[in-house]
Amino acid sequence: MGSRIMHLMIANRIAEYFPVEDKQAFLLGGIAPDAVSPKELSHFFKGELQDYSRRIDYNGFLDKYRSQTESDYILGYFVHLIADDLWLKGFYLPWLKNRLEADNELSNLYYHDFRLLNAKLLKHYGCANELNPMLRSLPTICELQEVKSQDVESFLPDVINDMEYEEDVINETLNVFMFDQIIGYIETSVDKGLVRLKAVKR
């Protein structure tokens, strides 16, 4: 799945184009599914990894909380699920799962890349100073069956920590991913998120 910072960038980019009344709630919804572990329920997984039928039922989430779609938090959560479904189908199932299972050392490089990408993406999008204050308080958000507001509140220090980095890592080389590849993933997630949000709001 995409990293916390990737999801934050996706939600923030969507908020530039979609009329969000409560941006803080939208951003928090955009990271909320990762606030709990394991993630089976919070990510609305369907299908199995073994037979490659795995998917994220983001429409099922929307159907479950249809009465709350006026909430920017719910819409941010919806966008997160869309982005993770893209990651699942574009990265994990086609090649990443195979390589991680074949090479025990690759998982360390994978998570190291995520740490490098945190810095590279924050630098690229230039929004850290804007977003950081929004992660330091918790507005009133929906109490979902899958993720409680307390889960999100406890999770925020981890996200804030992800935003801290040394300048020298900006130029460090990625091992598993390419930077343009990740930018493409983020921008595609933004595009698809906007398409689906506009359909919800018709």
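A few points about this structure:
- When Arg54, Arg4 are sorted by how many other C-beta atoms sit within 10 angstrom of their C-beta, beginning with the fewest, the order is Arg54, Arg4.
- Among the listed pairs Lys64/Lys120; Lys23/Lys198; Lys64/Lys148, those beyond 26 Å (Cα-Cα): Lys64/Lys120
- Kirkwood estimate for the chain, i.e. one over the average of 1/r between Cα atoms, Å: 17.3 Å
- Student exercise, the chain dipole from Lys, Arg, Asp, Glu Cβ charges, in Debye to nearest 20: 760 debye
- Segment 40-80: relative contact order in percent, alpha carbon pairs under 8 Å with at least 6 residues between: 27 percent
- Listed by chain and number, the lysines whose C-alpha is less than 19 Å from the C-alpha of Lys97, apart from same-chain residues fewer than 8 away, are Lys39, Lys46, Lys89.
- Average Cα contact separation per residue, the chain, under 8 Å, 6 or more apart, as relative contact order %: 31 percent
- The charge dipole of segment 37-81, taken about its Cα centre with unit charges on the Cβ atoms of Lys, Arg (+1), Asp and Glu (-1) only, comes to about 60 debye.
- Residue exposure sequence - Asp158, Asp22 - by fewest surrounding Cβ within 10 Å: Asp158, Asp22
No value in this document is a laboratory result; all are computed from the given coordinates. Note that the structure is a prediction, hence the values are computed from the model and not measured. Cβ coordinates were reconstructed from backbone atoms using ideal geometry, including for glycine residues, and neighbour counts include every protein chain displayed.
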